[in-house]
Amino acid sequence: MSAIASLFRNDYDADGFRTCSVTGLDIHQSVENYVKLFGLTAVIALAVGGSFAFSVAMTRWEFIGLLDPSSYYTHLSMHAWNLLIFWMVFMEIAVLYVGGPMVLGRELPLRRLAALGWVTMVVGAIGVNASIWLAEAPNEAPLLTAYVPLPVTPWFYATAIVFLLGATIAALPFFATIWTETRDSHRTLPLVAFGAFVTGIIAVEAILGGIAAFAYALAWRIDLIASVDPGIYRQLYWIVGHGTQQINLLAMITVWYFLTHVVGGAVVISEKVSRTAFILYLFFINLGAAHHLLVDPGVSAGWRIWNTSYAFYGAAFASMIHAFAIPAGIEAGRRRRGQGGGLFGWLTSAPWRNPVFASTVFSIILFGFLGGITGVVMGQIQVNMTWHNTLATVGHFHATVALGTTLAFFGLVLFVIKTMFRRDFVSDALASAIPYAYGAAMSVATLMLMYAGILYGVPRRTAEAVRNIPGSEFSFSAAIPIFMIFGIFALLAILSGVLFVGVSVGSLLFGGRLAEGDDGGMLPEGGLHADGGEPIHAVELRGTFALCLIFLGVFAAVYVLNWYLLTQLWAIGA
Amino acid sequence: MSNPLDDPDDDWWNSPVHRRESIWLGLAGAWSLGIFTWMAGFTQFGDQNPVGTTYEVDPDQYQERVGEYKEAAEETDDGLIPPEDDVYVGAMRFNWDGLPAVLEAGREYDIHLGAYDVQHGFSVRPEENLNKQINLQVFPGSEWVIPMTFDEPGTYHVVCNEFCGQGHRTMHGRFTVVEG
Ligand code: HEM
Ligand SMILES: [Cu+2]
Ligand SMILES: [Cu+2]
């Protein structure tokens, strides 16, 4: 108990504030403690969901074939909910509290609600886990989506609603902060707070959709309504199913701006452009939910095309803006300090041994190249026919959430350990290894999933298919070599995840306490605010420009390749 | 230039944008419009579009319709030969009703897709070339009619790729496409 209590202790002044030795922010005890609380809870969910990554991956690797179908889908559901929902949403509440009251130097208002929100979320999360684990026939495992009319226990829908309500409550103190901050003073929020604010709005929209979807299904399961329409459920469900991905995206981008600045010395090269990109998200990103319905009956082609493209790719355009603005911020910040010449010197001389920096940069690169490109490509209505419900889809979203967002959040947790828990890592070498090991292993595993899906058509959500389809001569055995690589790298990725949890928990329990004013090796060379002050057009952004051109080239190549494969097919459709 | 943790200067909206960032905005914008135009255009000139006609239908009624179709079809060792250009497929836990079927290469069929119980995934590929494959979602309550013309003879395997219950992985069917 005292060990836990000591985690929440720091030296504050009489008003409960202290000054952060890394960011220079005035941090109030109340904010800091809730960030810690939500962050720690998230890491627990990560550990739970991560253990199921083991059983899921070792079943799909049919060479091992760990689980029978009778338990596989239960494990897959546990994997999905604990990682995609609980690990991410608990972290996101922490991100809102950092982006709101912490960046603005305020106390956390409405603390009772923060506590109530946390308790409600925990109750909901435990309830969802229990309802999945204890479900009995004829109820089936919900997986992530709980598509009606497959019978899923009503407890699942009910507890999922509880969790969503909890997240809404927990977000209220954040909105209250923004409200009081902008109401009287005509204050322009700092970019990180602005990003968090847009994240918060999109989160509320997503949650409302989720409550509607689950309430609709629940009403049917407890016989309040006689029948349920699978198409309507899918539309409602994807408001939250996709909406949570937009929260993950926006929270991650907010963390990118935050961490590249504090550990990499990045600046904002244009407030106007970066804020406009956030606004584009606000308008367009929710339309993207339709990309889950591209090969559904009953939705018109025009509706699908308009929505899946976020209206002429408004949101994809926004992401490409950040893809330039964030690396350019690092380049400009470092060049101004004279750190690194040539095309990429600013990048090669960056603090790569700092796991917070490396996690953030790998998150940016891997999210863009593996997750972003595939998302836009498979989101084209025709190409979707070749991706839908294959393992390639699973590859895509592991690139976005398991590589992109998870790496960014790894970085954030490690940062919080240093700056808020004020602990040294138990081992600097092991901590530094985390982003490299996890990023590399997960990238290979993800690519193998994409290959298995797109080149061999291996279906997702099945306990076996590659070596054997019971009752049939046919199987996907041509893909066996792909799965040998997948299995090994999935294991390595899981071990790297264990390393992350081990270093985090180990540092909290056994890491030395940082002395006051010690930056724990987090600050970039030359401090946070290096002098210079040259106007932006005087700084070279050649390196970022070159990187972005490479990105566009890869994007075009993947696009053309996918369209080529598609046009090799027999004629389909009116 | 500012930093993301402080309020920006008062005239932040008017600060100039770096030349290279402006160029990137142009490139990204052009690419976005370009791929939109291609996708929309392909529905007009392309041969592969997940587009058909959907009818609302009671799952039991759809099952009856598939039954009538099976009556009318000719039975062979390789499967049913459809009486006309309509081919009915009924997805059910854990079977593709109406399959296997024997079709002619080069002939356009109207494939009717529907389910009797829960959602399923209609996933088709020729045996010898797994990277040619398509996937469509199947609902109870909808009958989705999609034209298809198989251009090459061979065996095409159908698996279910939407989770539909514990026996889901056993759900397998076949089209045998013969020279037309
Ligand atoms: C070492 C790490 C991981 C491995 C090896 C792994 C492996 C897998 C595999 C093989 C599947 C597909 C199973 C199937 O469709 O039959 C899957 C599904 C899934 N994974 Fe992971 N995963 C990992 C980490 C993550 C993380 C970090 C997240 C989220 C943040 C995540 C979210 C999901 C989701 C949402 C599904 C889909 C479940 C469904 O179909 O309903 N995974 N994972
Ligand atoms: Cu099925
Ligand atoms: Cu199935």
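Please treat every number below as a calculation from the coordinates, not as lab data. Because the structure is predicted, anything quoted here is derived from the model rather than measured. Don't worry about glycine lacking a Cβ; one is built from the backbone with ideal geometry, like all the others, and counts go over all protein chains shown.
If you find the alpha carbon centre of region A:544-574 and of region B:1-80, how far apart are they in angstrom?
Cα centres, region A:544-574 to region B:1-80: 14 Å.
Which FRET efficiency value, to the nearest 0.05, do you get for A:Ile488 and A:Leu565 by plugging their Cβ-Cβ distance into 1/(1 + (r/R0)^6) with R0 = 35 Å?
Here the calculated transfer efficiency is 0.85.
If you plug each phi of region B:15-32 into the Karplus form 6.51 cos²θ - 1.76 cosθ + 1.60 with θ = phi - 60°, what whole-Hz ³J(HN,Hα) values come out, in order, with x for Gly and Pro?
5, x, 8, 4, 4, 5, 5, 4, 4, 4, 4, x, 4, 5, x, 5, 4, 4
Please give the charge dipole size of region B:53-178, origin at the Cα centre, charges +1 on K and R Cβ atoms and -1 on D and E Cβ atoms. Round to the nearest 20 debye.
It comes to approximately 660 debye.
Each residue of region B:132-143 in turn: what ³J(HN,Hα) in whole Hz from Karplus with 6.51, -1.76, 1.60 and θ = phi - 60°, glycine and Pro shown as x?
The phi angles translate into 9, 7, 10, 9, 10, 7, 10, 10, x, x, 10, 10 Hz.
If amide H atoms are built 1.01 Å from N in the plane of the peptide, which residues on other chains or at least 5 residues away come under 5 Å of the amide H of B:Ser142?
B:Val57, B:Ala115
Where in chain A are the DSSP H helices whose alpha-carbon span along the long axis reaches 27 Å or more and whose Kyte-Doolittle mean is at least 1.6?
Answer set is A:191-221, A:480-510, A:542-567.
HN-Hα J couplings of region B:160-174 from phi, Karplus 6.51/-1.76/1.60, θ = phi - 60°, integer Hz, Gly and Pro as x?
Listing the rounded values in order: 8, 10, 10, 4, 10, x, 5, x, 2, 6, 8, 7, 10, x, 8 Hz.
Is any residue of region B:115-150 close enough, with backbone N under 20 Å, to a label point placed 7 angstrom from the Cα of B:Asp86 along the Cα-Cβ axis, and if so, which?
Answer for region B:115-150: B:115-117, B:138-150.
Sort out for me the Cα centre separation of region B:96-173 from region A:55-105, rounded to whole Å.
Comparing the Cα centres of region B:96-173 and region A:55-105, I get a distance of 32 Å.
I'd like the antiparallel share, as a percent to the nearest 5, of DSSP beta bridges with both residues in the protein assembly as shown.
Taking every DSSP beta bridge within the protein assembly as shown, about 75 percent pair in antiparallel fashion.
Mean residue ellipticity at 222 nm from the helices of chain A, using -39,500 (n - 2.57) per DSSP H segment of n ≥ 4 over the full residue count, to the nearest 500 deg cm²/dmol?
It lands at -21500 deg cm²/dmol.
Let me confirm one metric for peptide A:134-144, namely the mean number of other chain beta-carbon atoms within 10 Å of its residues' beta-carbons.
1
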